[in-house]
1. Which far-off residues, 5 or more places away or on another chain, put their amide H under 5 Å from the one on E111, with H placed in the peptide plane?
2. Using the Karplus equation 6.51 cos²θ - 1.76 cosθ + 1.60 (θ = phi - 60°), what ³J(HN,Hα) coupling, rounded to whole Hz, does each residue of the stretch 75-91 give in order, writing x for Gly and Pro?
3. Search the structure for amide H atoms under 5 Å from the amide H of A53, placed 1.01 Å from N in the peptide plane, and list their residues when 5 or more places away or on another chain.
4. DSSP loop (so not H, G, I, E, B), at most 15 other Cβ within 10 Å: list which trypsin sites (Lys or Arg not before Pro) in the stretch 33-85 pass both filters.
5. Expressed in nm to one decimal, what extension gain is obtained for the pair M161 and K123 from 0.36 nm per residue of sequence separation less their Cα-Cα distance?
6. Could you run the Karplus curve 6.51 cos²θ - 1.76 cosθ + 1.60 with θ = phi - 60° over the stretch 108-123 and give me ³J(HN,Hα) per residue in whole Hz, x for Gly and Pro?
7. Two-decimal Rg/Rh of the stretch 27-126 from alpha-carbon positions, Kirkwood Rh?
8. Can you compute the FRET efficiency between E181 and E148 using 1/(1 + (r/R0)^6), with r the Cβ-Cβ distance and R0 = 30 Å? Round to the nearest 0.05.
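Just so it is clear, none of the values below were taken in a lab; they were calculated from the coordinates. All values reported here derive from a predicted model rather than from experimental measurement. Reconstructed Cβ throughout: ideal geometry from the backbone, glycine too, with neighbour counts over all protein chains shown.
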Amino acid sequence: MIPERFRFGWISLAIMTITCMSGCHTDKSPQEVALHFWDAMKVQDVENARKYATTSTRTLIDTSNEQFKNAVVTFGKIIIDGDSTTIETTVRAQKNGDETPIPLQTILKQEHGEWRVDYAQTKKTIKEDDAFSDIAKNLEALSGKLSERMDEALGEMKQKMPEYEEKIKEVGAAASKKLDEALQRYVTEIKKGMEKLGGILDEVLKKESEKGQQEKHEAEAKP
């Protein structure tokens, strides 16, 4: 039996403890967790980045991918829906000396009452346009290489034309005609392939141009 003089003391202590537990809670907000996560990712601090990631996605974080190294990260609209939070995020990464904006969404989930970044879902939100940008650059470089090789091949053919002409005379008119037809088909197929590649490249570059204009307008619209 607790003496009467101590009973009120225990009750007061219990009330103070409950009040502190409910009013002094120090869990970080979704934005704070996202900020700490991206700060760690920028300097490739894997250990700290994993602390702010969900248990199931921590192993996906390593130093092999330098996509976010030294990036500038900014946040936009935040949507909290139950135990899930979505934060509009722009990562301005450095590529070949140029700053490339990568729009994505930082997805956070609650684990044991604390917010953590779902790295797997976050990576999935990276816009395909950015991958498309790399494809466009690669296609442009490939087109340049093909043009160089075509010029080299035509140069070699031009040098060997006198030799070919002599051989054509030797094989006779019928064989000469067949050789000419085969050469024409070859040139036609090459032209079709180059035209198709050119069409793809034009489409890619057009999409890139439209994307650049949109980003410019959005940047100008911001206060």
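1. R116
2. Taking θ as phi minus 60°, the curve returns 10, x, 5, 10, 10, 9, 10, x, 9, 10, 10, 10, 10, 5, 9, 10, 9 Hz for the stretch 75-91.
3. V117
4. Passing sites in the stretch 33-85 are K69.
5. 8.1 nm is the gain from fully extending M161 to K123.
6. Values, residue by residue: 10, 10, 8, 10, 6, x, 10, 7, 9, 6, 7, 5, 4, 5, 4, 5 Hz.
7. On the way: Rg = 12.7 Å, Rh = 13.4 Å.
Result: Rg/Rh = 0.95.
8. Working: r = 28 Å, r/R0 = 0.94.
Given R0 = 30 Å and the Cβ-Cβ separation, E is 0.60.
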